[in-house]
């Protein structure tokens, strides 16, 4: 199996200053990020998205907010 790893924040979706994350309720996908993921997948790679969520541990966002952002789709 071939795999491609992508960081989520700042690579696939918009990243924010720590305190601004408290206002986020859905992701804003960066230009061409979804297209890139599809292209990589069409070339036979499994997509693995990684993210380090220190924001939860430091109290900027709750686990529930993180899960809501992760499950949302950009409109």
- Task: Say whether the condition of being part of a loop (DSSP other than H, G, I, E, B), free of Cβ contacts under 8 Å to residues at least 12 places away in the same chain, under 19 Å from residue 71 (Cα atoms) and touching a helix residue (DSSP H, G or I) at 6+ places or on another chain (Cβ under 9 Å) is met by at least one residue in the stretch 16-30.
- Result: yes
- Query: Which of the residues spanning the stretch 58-75 are modelled with pLDDT under 85 and in a loop (DSSP other than H, G, I, E, B)?
  - Reply: 72, 73, 74, 75
- Task: Could you figure out which of (1) loosely packed, with under 15 Cβ neighbours inside 10 Å; (2) closer than 15 Å to residue 9 by Cβ; (3) modelled with pLDDT of 85 or more isn't true of residue 44?
- Result: (2)
- Task: Find the residue count for the stretch 2-11, including only residues that are out of contact with any strand residue (DSSP E or B) (no Cβ under 6 Å at 6 or more places or on another chain) and assigned to a loop (DSSP other than H, G, I, E, B).
- Result: 2
- Query: When only residues in the stretch 48-69 that are exposed (fewer than 14 other Cβ atoms within 10 Å of the Cβ) and in contact (Cβ under 8 Å) with a residue 24 or more places away in the chain count, which is nearest to residue 15 (Cα to Cα)?
  - Reply: 50
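The values are calculated or read from the model by the stated rules, or taken from the named source; none is laboratory data. Source: prediction; values computed, not measured. Glycine also receives a Cβ, built like all others from the backbone with ideal geometry; neighbour counts cover every protein chain displayed.
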